[in-house]
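J.: For reference, the structure I am asking about is given below.
The values are calculated or read from the model by the stated rules, or taken from the named source; none is laboratory data. The model shown is predicted, which means the values in this text are computed figures rather than measured ones. In this analysis, Cβ positions are derived from the backbone assuming ideal geometry, glycine residues included, and neighbour counts consider all displayed protein chains. When the accessible area is computed, the model is the full protein with side chains, heavy atoms only, and any ligands, DNA or RNA have been set aside. Shrake-Rupley method; radii C 1.70, N 1.55, O 1.52, S 1.80 Å.
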Amino acid sequence: MKLGTDVLAEEHFRRLAGLRVGAIVNASSLDSHFRHLADVLLETPQLSLCALFAPEHGLGGAAAYMVPVEDTRLEDVQSTQLPVYSLYGDSLASLKPKLESLEGLDILLFDIQDIGSRYYTYIYTMALAMQAAAEAGLRFCVLDRPNPLGGLAVEGNLVQPGFKSFVGMYPLPNRHGMTAGELAWLFNDAFGIGCQLEVIKCEGWKRSWLWRETGLSFIPPSPNMPNPETALVYPGMCLCEGTRLSEGRGTTLPFLQWGAPWLDGKRLAKALNAQKLPGVVFRPVHFRPGFDKHAGEVCEGVFVHVTDEKTFLPWETGVACFWLAQKCFPEHFAFRTEPYEFVEDILAFDLLAGSARLREGMQTAKTLQDLLEKTVEEQQEWEAFLSLRQRYLLYAEEG
């Protein structure tokens with residue numbers, strides 16, 4: 001299969017001829033031959049690469065989550081000082097390209113690997129850049145990439161009014177089953193951005209494919225997304241960020257293992273396995289985070305072993321994990337209260353869940369099914385989203 005950036009190169013960049021280009025990129029912005037988009041554009045004489053824009057974690061992907069990144073400059077092979085504008089600073093205003101950074105440009109390209117989960121901030125970097133492009137009268141082009149979780153399964157809750165943030169700007173479910181290009185069409189049309197949008201599709205991708213089936217190498221798009229296995233569990237296990245439990249940051253296996261110094265891993269693994277969740281088995285584990293929550297302490301917890309990627313339900317699995325962690329250890333379990341992604345007055349867990357309903361339900365639900373059951377109103381919203389989503393899908397199930 002071919003990435004959007006491969007398709008652009010095979011066309012010899014004809015659609016960019018004579019244009020002054022800005023590119024939103026990071027360490028994952030490589031083509032199938034491991035060439036970075038910025039390098040390829042700098043070597044293309046029929047266009048002018050004038051500026052780069054870097055999302056959360058920075059251009060090289062070295063910054064930790066929620067750590068501000070500063071503007072910098074990139075020296076290319078011709079010793080040209082190319083500006084690199086940060087799109088993740090110390091305030092909400094820093095997340096959107098400033099109009100002065102767009103001066104002199106004709107088009108913005110977006111070429112970053114998404115991982116298929118609502119919380120992952122790059123799709124909102126894309127949306128805010130689309131807004132800025134609309135205001136500046138620039139064209140906006142997404143070089144599309146596969147969704148590592150496939151394009152069929154959709155799971156989770158929709159973000160409710162009052163709970164929008166940089167981990168959920170729009171009413172998407174936790175696992176949306178769309179590519180960045182498809183989301184761009186959705187944002188632009190259904191949510192009213194209205195920029196001059198173009199999407200260069202992948203060629204040969206099937207919606208039923210998970211990452212391994214693409215044949216592509218996985219380039220980590222952020223420091224704690226090292227492999228496709230992590231991406232697969234992320235739509236559920238990222239909820240851990242909203243608790244006092246360690247999500248495994250500071251270890252080599254974040255989100256696949258999680259726990260705390262006070263947790264009984266054997267007891268929790270047994271309780272989780274008793275739920276007979278599809279495509280997953282839980283194993284007791286010990287780990288010592290090098291940084292972040294419980295840094296330097298030995299944590300006991302569970303490891304998430306996905307045994308069947310096709311039947312595995314990451315959102316349901318994550319909900320089960322934290323419901324049972326609270327149920328088994330009520331004297332220790334707690335939710336994170338520090339400000340999260342520039343929001344001070346709403347709990348991080350509620351921002352990730354899209355509302356307070358999940359957290360409140362965790363305290364009273366007697367079964368997992370009770371906790372996951374949608375109200376009539378939520379079910380109507382869910383069905384309306386699925387109908388809306390269908391209008392913006394660019395790829396068939398079988399390619």
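J.: For Cys299, what residues show an amide H to amide H distance below 5 Å, using hydrogens built from the backbone and excluding near sequence neighbours?
T.: Sorted by chain and number, the residues that satisfy this are Phe287, Arg288.
J.: Here is a further query. Go ahead and set up a Gaussian network model of the chain, Cα springs under 10 Å, then flag whichever of Pro97, Pro339, Pro68 fluctuates most.
T.: The residue that fluctuates most here is Pro339.
J.: Counting helices only, and only those DSSP H runs with n ≥ 4, report the 222 nm mean residue ellipticity of the chain as the sum of -39,500 (n - 2.57) divided by its residues, in deg cm²/dmol to the nearest 500. Don't jump to the answer; show the numbers that get you there.
T.: Values: 11 runs with 104 residues, N = 399.
-7500 deg cm²/dmol, from helical runs alone.
J.: Here's something else I'd like to know. Grab the other residues whose beta carbon is less than 15 angstrom from that of Tyr88, score K and R as +1, D and E as -1, and report the net. Kindly include the intermediate steps, with their values, before the conclusion.
T.: Values: positive: Lys96, Lys98; negative: Glu56, Glu70, Asp71, Asp90, Glu341.
Overall, the nearby charge balance is -3.
J.: Enter the accessible area per residue of segment 235-313 (Å², integer; probe 1.4 Å; all protein chains in place).
T.: Values: 3230 Å² over 79 residues.
About 41 Å² of surface per residue is accessible.
J.: Quantify, in whole percent, the carbon and sulfur part of the accessible surface of segment 84-161 (1.4 Å probe; protein heavy atoms only). If you can, show how the numbers build up before the last one.
T.: On the way: 1070 of 2010 Å².
The computed percentage sits at 53.
J.: Starting from the residue with the highest accessible area, list Leu393, Leu263 in decreasing order, probe 1.4 Å.
T.: On the way: Leu393 40, Leu263 5 Å².
The ordering from most to least exposed comes out as Leu393, Leu263.
J.: If R0 is 45 Å, what FRET efficiency do you get for Met66 and Glu397 from their C-beta distance, rounded to 0.05? Mind dumping the intermediate values first?
T.: Working: r = 37 Å, r/R0 = 0.82.
Efficiency at R0 = 45 Å is approximately 0.75.
J.: Cβ under 14 Å from Gly250's Cβ, Gly250 left aside: what net charge do those residues give with Lys, Arg +1 and Asp, Glu -1? Walk me through the numbers before you get to the answer.
T.: Working: positive: Arg249, Arg288, Lys293; negative: Glu241, Glu247, Asp292, Glu297.
Charge balance near Gly250 sits at -1.
J.: Further question: Report the net charge of residues surrounding Leu210, where surrounding means a beta-carbon distance below 9 angstrom and charges are Lys +1, Arg +1, Asp -1, Glu -1. Kindly include the intermediate steps, with their values, before the conclusion.
T.: Numbers: positive: Arg212, Lys310; negative: Glu213, Glu309.
Result for the local shell: 0.
J.: Can you work out ³J(HN,Hα) from phi for every residue in segment 219-234, in order, using Karplus 6.51 cos²θ - 1.76 cosθ + 1.60 and θ = phi - 60°, giving whole Hz and x for Gly and Pro?
T.: Ordered by residue, 3J(HN,Hα) equals 9, x, x, 7, x, 10, 10, x, 7, x, 5, 5, 4, 5, 8, 4 Hz.
J.: Just reorder Thr230, Thr307, Thr251 by solvent-accessible area, largest first, 1.4 Å probe, all chains present.
T.: Heavy-atom accessible area, descending, gives Thr307, Thr251, Thr230.
J.: Right, next: Which residue fluctuates most in the GNM of the chain (Cα springs below 10 Å): Gly290, Gly61, Gly265?
T.: Of Gly290, Gly61, Gly265, the most mobile in the Gaussian network model is Gly290.
J.: Solvent-accessible area of Arg288, probe 1.4 Å, all protein chains present, reported in Å² to the nearest ten, please.
T.: Accessible area, nearest 10 Å²: 140 Å².
J.: Dipole magnitude of the chain about its Cα centre, charges +1 at Lys/Arg Cβ and -1 at Asp/Glu Cβ only, in debye to the nearest 20?
T.: On the way: 35 positive and 50 negative charges, 190 e Å.
Rounded to the nearest 20 debye, it is 920 debye.
J.: So how much slack lies between Glu378 and Arg288, counting 0.36 nm per residue of separation and subtracting their Cα-Cα distance, in nm?
T.: Working: separation 90, 0.36 × 90 = 32.40 nm, distance 3.97 nm.
The Glu378-Arg288 span can extend by a further 28.4 nm.
J.: Can you tell me what share of the DSSP beta bridges in the chain is antiparallel? A percent to the nearest 5 is fine.
T.: Values: 24 of 46 bridges.
That works out to approximately 50 percent antiparallel.
J.: So what J values fall out for segment 154-165 if you push phi through Karplus, 6.51 cos²θ - 1.76 cosθ + 1.60 with θ = phi - 60°, rounded to Hz, Gly and Pro as x?
T.: These are the phi-based 3J(HN,Hα) values: 10, 9, x, 9, 7, 5, 8, x, x, 10, 7, 6 Hz.
J.: Provide the per-residue ³J(HN,Hα) series for segment 250-267, in order, calculated from phi with Karplus coefficients 6.51, -1.76, 1.60 and θ = phi - 60°, each as a whole number of Hz, with x at glycine and proline positions.
T.: Result, ordered by residue: x, 10, 7, 10, x, 6, 7, 10, 7, x, 7, x, 8, 8, 9, x, 5, 5 Hz.
J.: Can you tell me the FRET efficiency between His332 and Asp370 if r is taken as the Cβ-Cβ distance and R0 is 30 Å, rounded to the nearest 0.05? Don't skip to the end; give the middle numbers.
T.: On the way: r = 23 Å, r/R0 = 0.78.
It comes out at approximately 0.80.
J.: Hey, another quick one. Can you list residues whose amide H is under 5 Å from Val199's amide H, if they're 5+ apart or on another chain and H is modeled 1.01 Å from N?
T.: Val142
J.: Which length gain, in nm to one decimal place, applies between His305 and Glu10 when the Cα-Cα distance is subtracted from 0.36 nm times their residue separation? Intermediate values should be presented prior to the final figure.
T.: Working: separation 295, 0.36 × 295 = 106.20 nm, distance 3.96 nm.
Taking 0.36 nm per residue and subtracting the Cα distance, the gain is 102.2 nm.
J.: When the solvent-accessible surface of protein heavy atoms is calculated with a 1.4 angstrom probe, in what order do Phe110, Phe291 fall, highest first? Before the final figure, lay out the partial values.
T.: Working: Phe110 5, Phe291 110 Å².
If we order Phe110, Phe291 from most to least accessible, we get Phe291, Phe110.
J.: Something else: Taking only Cα atoms and a 10 Å spring cutoff, compute GNM fluctuations for the chain and point out the largest among Glu360, Glu341, Glu241.
T.: Ranking Glu360, Glu341, Glu241 by mean-square fluctuation puts Glu360 first.
J.: Right, another one. Can you tell me the accessible area per residue over segment 94-218, all protein chains present, probe 1.4 angstrom, in square angstrom? Walk me through the numbers before you get to the answer.
T.: Values: 3420 Å² over 125 residues.
Solvent-accessible surface per residue comes out at 27 Å².
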